[in-house]
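Down below is the structure, laid out as structure tokens.
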Amino acid sequence: MLTRILGICFLIIANFIVINIVKASPVETFEFQDEVTKVRFQALSKELRCPKCQNQNLADSNSTVASALRLDLYNLLIEGRSDAEIIDLMVGRYGEFVLYRPRVSSVTYILWFGPPRIIDLNRCACRNSDIKKKTSNERKYSTGQPTTRKIKTTITTRAIRYI
């Protein structure tokens, strides 16, 4: 009975090992002419977003689209293109979405300057509401006397009532 249980456990473990080996994907290896090109490749692949994946860059994505883009990026670097040319080419193909940090333009103006402007408007609204509350409270309780005098008279009138 014990050997049967151990045999079943061995088969289950072997099954998991075989399944994990089959799911392993090949790792892309690119050979670069020099270290500078390698660093440029790594920087650009981290800066460009995978068009298929929502929030992954080309370096982190395992999709076939990202794999093809990494190959295109490698070929463009080997051809001797500059970073700006490569980015312009990718934006031309896939739009501004491919950039993690979109350029400041008429299309992305709201994206860049909208959040700080909204924060400023909220601050102004809070200040105005605080000022209105203060003025309305002062109008309610103002009797024309200074505040310390009002407190003293209130205390003395209450003290007289209890005597």
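The values are calculated or read from the model by the stated rules, or taken from the named source; none is laboratory data. From a predicted model like this one, the values you see are computed outputs, not experimental measurements. Cβ coordinates were reconstructed from backbone atoms using ideal geometry, including for glycine residues, and neighbour counts include every protein chain displayed.
Some points to look at:
- Meets criteria (of a type outside the set (D, E, K, R) and modelled with pLDDT under 85) for Leu76: no
- Candidates Leu89, Leu69: the one that is hydrophobic (A, V, I, L, M, F, W, C), on the phi < 0 side of the Ramachandran plot and surrounded by fewer than 16 Cβ atoms within 10 Å (Cβ to Cβ) is Leu89.
- Any hit, the stretch 50-64, residues being at pLDDT below 90, surrounded by fewer than 11 Cβ atoms within 10 Å (Cβ to Cβ) and outside any loop (DSSP other than H, G, I, E, B): yes
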